[in-house]
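Down below is the structure, laid out as structure tokens.
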Amino acid sequence: MKPTIPKINHQRRGFTIVELLVVMAIIVTLVGLLAPAVQQAREAARRASCKNSLKQLGIALHNYHDVHRTFPPESIWALPSQNNWQPRNFTWIDMVLPMLDQTNLYNEIDFSQPIWNQKTSDGKRVVGFDHSLLRCPSDVGVSSAGDAHGIAITNYAGAEGFLKVSSSPFSFLTPQIVAGTGDTIPQETAYGFVRQKAIFEFNEPCRIRHITDGTSQTIMLGEVTSNGFEGGRAFGVGSGQPRRDDYVVRAALTSPIYGYQHSDPQPPVWKKFPQPDGSVTTPSQWFREGPKTYKPTYIFTHGINTDWQGPSSFHQGGAHFLLADGSVRFLNQSIDYESVYNALNTRDAGDVVPSEF
């Protein structure tokens with residue numbers, strides 16, 4: 001009798017719909033848990049890159065000081081002549097190009113002529129030269145010079161002073177020698193305002209010895225977004241939001257003039273200075289609109305993430321700042337404006353900054 005050979009069932013069993021849905025749900029859950037971690041890791045890398053850029057700019061500024069015994073001026077707007085002032089419109093960034101490994105570009109700039117129409121040997125406009133070191137990788141606003149009238153922009157702006165309300169008259173502009181000339185700008189008196197000096201001052205290059213509040217307690221550069229903030233109150237922090245239109249960008253290599261300054265000479269002095277293309281400066285009128293263009297400085301009447309005039313960033317909760325000693329700190333947007341932030345931005349006010357800020 002032959003043995004009985006059991007039949008083998010070769011039918012393959014597949015996934016049921018329920019099993020498939022369970023697996024898909026698990027995968028979606030895992031992706032949902034992993035995505036924020038990936039985003040956080042990417043933002044951490046972007047923040048590290050941003051911090052490094054500020055560090056490199058700090059080294060460049062100190063190297064400039066070692067060579068010239070002063071930090072660069074915020075802008076060189078014009079050179080005076082017999083009848084009118086000839087535009088130049090250079091920025092502090094132009095001055096430190098050799099310290100940023102951009103000696104070739106620096107050597108192609110003719111500082112005796114307006115920068116606006118100058119071109120490099122390969123036919124590119126100098127003012128449109130985009131440099132990755134000048135941009136924060138977290139910025140999601142204007143991407144390149146092509147989106148800003150052909151003007152290269154930066155996310156790193158110099159701390160600029162402003163006029164603070166006072167109860168008594170104050171001479172805020174003593175006779176100054178115009179950069180590169182022997183001519184002077186006459187003194188003016190602002191009633192009800194007191195000068196708050198920072199490191200990047202109109203027509204007054206700053207030396208380390210001028211920073212009497214201490215280099216470790218004085219801000220030199222701060223982040224600014226390429227769209228700017230709006231809606232925040234002056235003399236405060238963290239009360240604004242990113243502009244969705246009507247952007248305000250910082251030009252990197254040319255210095256536009258905004259007719260109503262908070263720190264530069266008030267009317268009528270600023271009328272002497274033409275725009276980069278030679279056009280006349282008029283009150284409260286931008287050099288270029290859509291987006292609006294400003295020089296690479298910020299005015300600390302507005303604190304972190306309040307309005308375009310002050311610093312801002314897309315990093316969560318605050319922004320990076322370069323101190324005058326070369327260190328980089330991340331300051332929270334909830335920092336106390338009056339006792340800490342304002343004190344950090346003034347260079348010789350005699351105010352004391354808390355050891356932990």
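Which of 124/292; 51/119; 55/272; 55/119; 119/197; 51/124 have a Cα-Cα distance over 27 Å? Violating the 27 Å Cα-Cα cut-off are 51/119; 55/272; 55/119; 119/197; 51/124.
Just to confirm the filter: which chymotrypsin sites (Phe, Trp or Tyr not before Pro) across the stretch 81-156 are DSSP coil and have at most 15 other Cβ within 10 angstrom of their Cβ? Let's see the in-between values first.
Details: sites: 85, 90, 92, 106, 111, 116, 129, 156; in loops: 111, 116, 129.
Loop-located and lightly packed - 111.
Based on other C-beta atoms within 10 Å, arrange 304, 115, 109 from fewest to most. Could the numbers behind the result be given before it?
Details: 304 29, 115 22, 109 16.
In order of increasing Cβ crowding within 10 Å: 109, 115, 304.
Legend: calculated FRET efficiency, residue 212 to residue 356, from the Cβ-Cβ distance at R0 = 22 Å, rounded to 0.05, equals 0.55.
Every read-out reported here was derived from the displayed coordinates using simple, explicitly stated rules and does not represent laboratory data. Predicted model only: the values in this text are computed from it and were never measured. Backbone-built Cβ (ideal geometry, glycine too); neighbour counts: all protein chains shown.
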